[in-house]
Amino acid sequence: MRALICSRLEGIDSLEVGELPDPELRPGTVRVEVGAAAVNFPDLLLIVGAYQEQPPLPFSPGMEIAGTVVEVGDGVEGFRPGDRVLGMIGHGGFAEQVVVAPDALVPMPEDVAFEEAAAFPIAYGTSYHALVDRANLRAGETLLVLGAAGGVGLAAVQIGKALGAKVVAAVSSDEKQQVVTGAGADVVIRYDRHDLREAMREVAPDGVDVVYDPVGGDVTEPAFRSLGWGGRHLVIGFAGGSIPKVAANLALLKGASLVGVFWGRFTREEPERNRANITTLFEWWKEGKVAPLVSEVYPLEKSIDALRKIGGRGAIGRLVVRP
């Protein structure tokens, strides 16, 4: 099968499009023909050996897919050839086929394109888990979303509005400002024009209730300082490239919480709760409260370009590869 291949952990320049053996169908597994695979920042961590879980070499990146079941192994119930499914698979999505356990798959909503479906599970699953399960965001509270025009950031804006929060979106360009405004952000702060801390003093002089932080780096501390009493700072990831350090006395003075969000482990530790979350999100999708923005679709031969764009923080919404 054709695939984007990582044969050594040396980053984007070491990747190549080529042939891998078709994955073996074993008892208790499902073979899926990949219709589309979304691009995620953790894909970049996988190819340098810096992610929490590392597959053996060689492998293909690609953590979430949408596709069609073509074969099921012995003992599999609930899926059959022809079913359209979403998959949160860890790796392997930038390839023509994957073989995965059935608990990694959920049925696709009807009348949804593979490209949109592939862009949904991780961004919306992560953001819902963060804002509902971890932050307990309530109607009337104020939410600051960093990196708000990216995949998880845009999902957080939409989910924050669906929960009834006032949403402050931080972005770095005119195009990104237009996108988050269209997604329902109440206030937009421009990193490229204003100091984040000074801007937040004007927007929320008493502080915000929740910070959604997929960026890390230099913006984490000023965002944490922008929390009000009892605020919650959600640690989603470090797309800014560095893991920040926050002075512990800031949490003490504000009675604030620094809250870790590891959605991938949550799906394994609490699968039933995760399925309930996804069911709620699908209902919101039908109702028009949330919807993924797929800004670009790449053929497999151009998948390296998609990873470069994610690495350069140039993506708006979601990028998708069509194997």
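The numbers here are math on the coordinates, done by the rules we state, and not lab data. Computed from a predicted structure; not experimentally measured. All Cβ positions, glycine included, derive from the backbone under ideal geometry; neighbour counts span all protein chains shown.
The table below gives the values:
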{"read-out": "Relative contact order of region 131-199, defined on C-alpha pairs under 8 angstrom at six or more residues apart (%)", "value": "29 percent"}
{"read-out": "Relative exposure of Ile47, Ile304, judged by other C-beta atoms within 10 Å (fewest first)", "value": "Ile304, Ile47"}
{"read-out": "Residue-span extension gain [Glu198 to Glu96] - 0.36 nm each, minus C-alpha spacing", "value": "31.8 nm"}
{"read-out": "For region 80-95, Karplus couplings with θ = phi - 60° (6.51, -1.76, 1.60), whole Hz, Gly/Pro x", "value": "8, x, x, 5, 8, 9, 9, x, 10, 10, x, 6, x, x, 8, 7"}
{"read-out": "Average Cα contact separation per residue, the chain, under 8 Å, 6 or more apart, as relative contact order %", "value": "18 percent"}
{"read-out": "Förster radius 30 Å - calculated FRET efficiency between Asp218 and Glu269 (Cβ-Cβ, nearest 0.05)", "value": "0.40"}
{"read-out": "Estimated inter-spin distance, Thr280 and Met1, nm [label 7 Å along Cα→Cβ]", "value": "3.3 nm"}
{"read-out": "Calculated P(r) tail over 17 Å for region 31-154, as whole % of Cα pairs", "value": "61 percent"}
{"read-out": "Percent of C-alpha pairs per 10 Å bin, region 182-323, short to long", "value": "10, 27, 36, 23, 4, 0"}
{"read-out": "Relative contact order (%) - region 122-264, alpha-carbon pairs under 8 angstrom, separation at least six", "value": "22 percent"}
{"read-out": "Extent along principal axes [Cα atoms of region 1-64; Å; largest to smallest]", "value": "32, 24, 22"}
{"read-out": "Peptide ranges 142-152, 88-98, 262-272, 289-299 listed from the most packed, as the mean C-beta count within 10 angstrom indicates", "value": "142-152, 88-98, 289-299, 262-272"}
{"read-out": "Within-15-Å neighbourhood charge of Glu269 [Cβ basis; K, R +1; D, E -1]", "value": "0"}
{"read-out": "Simple spin-label estimate for Val132 and Gln52 in nanometres, 7 Å along Cα-Cβ", "value": "2.0 nm"}
{"read-out": "Shape of region 122-264, Cα gyration tensor, a/c cut at 1.5", "value": "rounded"}
{"read-out": "Residues Val211, Val261, sorted so that the one with the fewest Cβ neighbours within 10 Å comes first", "value": "Val261, Val211"}
{"read-out": "Ranked Phe120, Phe282, Phe79, criterion: other C-beta atoms within 10 Å, fewest first", "value": "Phe79, Phe282, Phe120"}
{"read-out": "GNM result for the chain, Cα springs below 10 Å: residue of Pro23, Pro121, Pro214 fluctuating most strongly", "value": "Pro23"}
{"read-out": "Difference of contour (0.36 nm per residue) and Cα-Cα distance, Val246 to Asp174", "value": "22.9 nm"}
